[in-house]
Amino acid sequence: MGEGEVIAEERAKDISLKELSKKLEEFAQARDWEKYHSPRNLLLAMVGEVGELSEIFQWRGEVDRGLPNWEESDKEHLGEELSDVLLYLIRLADICGIDLGDAASKKIVKNAIKYPANVQ
């Protein structure tokens, strides 16, 4: 089974940030790309991907939740660009020694305290 087939097979299951992190590390090692994965380079690459993501929405105005009027090919392209941003973010966090899942969980708690729900 080739690398692409293994990746496609895993689409059907839930995958954790840690599992994605491990896959990204293995991917970079197999290609000898680790020398290019400095925090700065990863951040700039991620910003470039955010730009590509922004282009998808640039002239559409507001869009409805679930993107009901979008072509499947447009949704697929959106998924690819979202994935690029996510994967660079995970790799950047790893290279910086940040446990992204833990940091995000703590941030949600901080936000809940800072912005309490309107309980009536």
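Coordinate-derived values only; no laboratory data. The structure displayed is predicted, hence computed values, not measured ones. Every residue, glycine as well, gets a Cβ built from its backbone with ideal geometry; the counts of neighbours run over all protein chains shown.
Annotations for the structure displayed:
- In this rough spin-label picture, where each label sits 7 Å from Cα along the Cβ direction, the residue 113-residue 30 distance is 4.3 nm.
- Modelled this way, with points 7 Å down the Cα-to-C-beta line, the labels at residue 72 and residue 55 are 2.4 nm from one another.
- Comparing 89, 115, 58 along the charge dipole axis of the stretch 35-120, the residue lying farthest to the positive side is 115, per the Cβ-charge model.
- Counting charges near residue 70 (Lys, Arg +1; Asp, Glu -1) among other residues having Cβ under 11 Å from its Cβ returns a value of -3.
- Convex hull of alpha carbon positions in the stretch 21-120: directionally averaged projected area 9.5 nm².
- Scanning the chain for DSSP H helices at least 18 Å long along the axis (C-alpha atoms) with a Kyte-Doolittle mean no lower than 0.0 picks out 39-57.
- The local environment of residue 99, defined by Cβ-Cβ distances under 13 Å, has a net charge of +1 under the rule Lys, Arg +1 and Asp, Glu -1.
- Tensor-based shape of the stretch 6-76 (alpha-carbon gyration tensor, a/c under 1.5 rounded, otherwise prolate or oblate): oblate
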